Structure formats: structure tokens, C-alpha cells
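Visitor: One structure, pasted below without further comment.
The values are calculated or read from the model by the stated rules, or taken from the named source; none is laboratory data. It should be emphasised that the depicted structure is a prediction, and the values quoted were computed from it without experimental measurement. Glycine also receives a Cβ, built like all others from the backbone with ideal geometry; neighbour counts cover every protein chain displayed. Protein only, heavy atoms only, side chains kept; ligands, DNA and RNA dropped before computing areas. Shrake-Rupley method; radii C 1.70, N 1.55, O 1.52, S 1.80 Å.
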Amino acid sequence: EENPLPEVTTKKRGRKKKTKVLNLIDRLVNYKASVCLFIKNLCVPFDNNLAERDLRMIKVKTKVSGCFRSEEGAQEYLTIMSYIGTAHKHGINAFTAIREALLGNSDIIFN
């Protein structure tokens, strides 16, 4: 009621244009089960910040460097960052994880 549909003065075909607030409300109503899943299942996080933080590091790297010099370099960077991210999520210090990987004990993050 607080966000009514905009009134159309001329007859146009198709859907009526909605405001951003109405689009958000419609989306929340349509995906209510998915949006509120964290209430029923405590294993589901409230937000998706971990994935966003992982992607943010890639964006910062490309912003600072401009780009990766080769596809191979980008793949190596992503492999290292994935390993460090997994270690962090398991509560292992990044320095310790890298040191153990260089010593041949890369499975430390899975114990």
C-alpha cells in the first residue's frame, strides 16, 4: 500500500514499470523460502560474505596490477588463493599453511 504501482496516463502494451522498491518486494515474496532458509537450517549462513570476500581479492589484484600477464599466472594465483582461503576457513594461519605445503605436507588443511 505504501508503494503503489505508478499510474499510466497513456495506453502502452506490456508490463507496467515498477519502482526498485516494488521489484525488491516482489523478489522477496517469490523467493521467501530461499531468503529465510537460514532461520530453519542453522547450517546455512545468514549472508554470502565468504564467497564475496574470495572474489574481492581477485578484483583487488586485477585493479592494482591492471591484469594478469598470462592465463597460467592467473591460474597459479587462483590456486594459491584457493588454498589459503581453505586453510583460513579451517582455522589455519596462511603462513603455516604455505610453509607446510612447501615442506610437502599440503594435506594439513584437510585434517
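Visitor: Sort out which residues of the range 102-111 are modelled with pLDDT under 85 and loosely packed, with under 10 Cβ neighbours inside 10 Å, and write them in order of number.
Guide: D107, F110, N111
Visitor: Working carefully through the options I25, I39, find the one that is in contact (Cβ under 8 Å) with a residue 12 or more places away in the chain, closer than 30 Å to E2 by Cβ and of a type in the set (V, I, T).
Guide: Unique residue meeting the criteria: I25.
Visitor: A further question on this structure: Against the conditions (1) outside any loop (DSSP other than H, G, I, E, B); (2) open to solvent by less than 90 Å² (accessible area, probe 1.4 Å), where does R99 fall short? Just the number, please.
Guide: (2)
Visitor: Among the residues of the range 36-59, is there at least one that is of a type in the set (A, V, I, L, M, F, W, C), over 22 Å from the mean Cα position of the chain (by Cα) and surrounded by 10 or more Cβ atoms within 10 Å (Cβ to Cβ)?
Guide: In the first step, residues of the range 36-59 are kept if they are of a type in the set (A, V, I, L, M, F, W, C); the result is 36-39, 42-44, 46, 50-51, 55, 57-58.
Narrowing the set further to residues that are over 22 Å from the mean Cα position of the chain (by Cα) leaves none.
Taking every residue of the range 36-59 in turn, none turns out to be of a type in the set (A, V, I, L, M, F, W, C), over 22 Å from the mean Cα position of the chain (by Cα) and surrounded by 10 or more Cβ atoms within 10 Å (Cβ to Cβ).
Visitor: Check off (1) of a type outside the set (D, E); (2) surrounded by 13 or more Cβ atoms within 10 Å (Cβ to Cβ); (3) at pLDDT 80 or above; (4) in a helix (DSSP H, G or I) for Q75 and give me the number that stays unchecked.
Guide: Going through (1) of a type outside the set (D, E); (2) surrounded by 13 or more Cβ atoms within 10 Å (Cβ to Cβ); (3) at pLDDT 80 or above; (4) in a helix (DSSP H, G or I) one by one, Q75 breaks only (2).
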